[in-house]
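Every number in this text was worked out from the coordinates using simple rules, so none of it is lab data. None of the values given here were measured: they were computed from a predicted structure. Note that we place each Cβ from the backbone using ideal geometry, even for glycine, and neighbour counts take in every protein chain shown.
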C-alpha cells in the first residue's frame, strides 16, 4: 500500500474515532441529565406518596410519567453508549494496526534507502578498484625488469595494529616463501597489495594455498570468491532489501509463543507484607523489606503504593526505619502467612498467558488474513 494512501486512511479513521469519542461524551451527558431528571421526578413522586393520604391522581400520573421518561432516556443513552463503546474498541484496534503498518512502512523505506546508498558506494569502490588495477598495470610497466629483484619491503611491514600480512603477498628476498621469479608484474601486484592493506588495517588477506594448508591443519579459513558490483548486491544490499520487504508485509516477526514470554527481576522495598503466586502457582510471601522479585509483581506493588525504590531517598529512609524498629524490638511478631498478609491477586502463570494473548492479538491485528 502506498505510504500516502495509508496515511490518508489512518487520518480518516482517526477522524472517525474522534467523532465517536465526541458522540460518547454527548451520550454520557444525556445519561447524566436523564439520571438527574429521574432523581428529581422520583423525589417528587415520593413526596406525593408520603405527604398526602390521597395524592392527586393528575399529579401522581405526571410524576410517574416523568420517572418513566427519565428511565427510558437513561436506558436509551446507556444502550447507545454501549454500542458506541464497542465501535470505539474496534475502530481503535484498526487505527493501532494501521499505525503499526505505517511504522513498518517507514522502517522498510529507510532500510531500502540505506541499501540504495550502499549500492552507490559499492559502485564507487568498484570504480576505485578499477582505477587501482590500471595504476597497478602502469606501475608494472614503469618498473625495469632487471630492477624487480630490488623490491625489499621492511621486515616488519606485515604488522599493522592487530592485522598481520602473509609474507608471500609482498615479500621479495629475505622472507621469500614461494620461489617465484620476481618480475615487474609480480612486484607491482605485491606493492599495490601492501599499500592497500596498510591503508585498510582491518583488511585480512589469505591466499588459496595458505587457506588450504590451514584447512589441513584444522584451521578452517574461507577463501572469498571474486566480487564485482553485481555480486556485492547479493552479499549485502539485497539481504537488506529482503528484510525491508518482510517489514512491509509484517512477516519479519514469527507468531508469539508462550515460551517467548519472559520477565526479569526488580529490586523493591515492600512496605506492607503481602503475597502472590509464582509461575508454579505456589504462594510467595513478601515481608516488609527489600526483595528481588519478578518485574510484573514489582510493577503492581509500585503502582499500588505498596513498594518503594530502595535507592530513592524515601526508600532508604524506610529501610533505616525498619532497621531501627528491629533493633529495639523485644519479641518477634507472629510469623507471616497467607492469612495475615495482603493478597496481591497476582498469579505469574496467569500473567504469562495474558501477556502472550496480548502479544498474539497485536501480532494478528497486523495480519488480518491470518486472523480470518
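Could you please let me know if residue 60 is over 29 Å from residue 247 (Cβ atoms) and more than 43 Å from the chain's Cα centre (by Cα)?
Values: over 29 Å from residue 247 (Cβ atoms): yes; more than 43 Å from the chain's Cα centre (by Cα): yes.
Yes: the conditions hold for residue 60.
Part of a helix (DSSP H, G or I) and closer than 17 Å to residue 355 by Cβ - does that describe any residue in region 273-285?
no
Considering region 316-339 alone, what residues qualify as being surrounded by 12 or more Cβ atoms within 10 Å (Cβ to Cβ) and closer than 30 Å to residue 281 by Cβ?
Listed by number, the residues that qualify are 322, 336.
If residue 70 passes every condition in (1) over 26 Å from residue 192 (Cβ atoms); (2) surrounded by fewer than 17 Cβ atoms within 10 Å (Cβ to Cβ); (3) over 48 Å from the mean Cα position of the chain (by Cα) but one, which one does it miss?
Here residue 70 meets the rest and fails (2).
Which residues, counting only those in region 54-98, are over 30 Å from residue 16 (Cβ atoms), touching a helix residue (DSSP H, G or I) at 6+ places or on another chain (Cβ under 7 Å) and assigned to a helix (DSSP H, G or I)? Lay out the reasoning, then the answer.
Within region 54-98, the first condition is being over 30 Å from residue 16 (Cβ atoms), and the residues that meet it are 54-71.
Now narrow it down to the ones that are touching a helix residue (DSSP H, G or I) at 6+ places or on another chain (Cβ under 7 Å): 55, 59-60, 63-64, 66-67, 70-71.
Scanning region 54-98 gives 59, 60, 63, 64, 66, 67, 70, 71.
Just for region 266-303: of the residues that are without any contact (Cβ under 8 Å) to a residue 40 or more places away in the chain and within 18 Å of residue 350 (Cβ to Cβ), which one is surrounded by the most Cβ atoms within 10 Å (Cβ to Cβ)?
Kept after step one, since they are without any contact (Cβ under 8 Å) to a residue 40 or more places away in the chain, are these residues of region 266-303: 266, 270, 282, 284, 288-293, 295, 298-299, 302-303.
From what's left, within 18 Å of residue 350 (Cβ to Cβ): 282, 284, 293, 295, 298-299, 303.
On the way: 282: 9, 284: 17, 293: 19, 295: 13, 298: 21, 299: 15, 303: 9.
Checking each candidate, the answer is 298.
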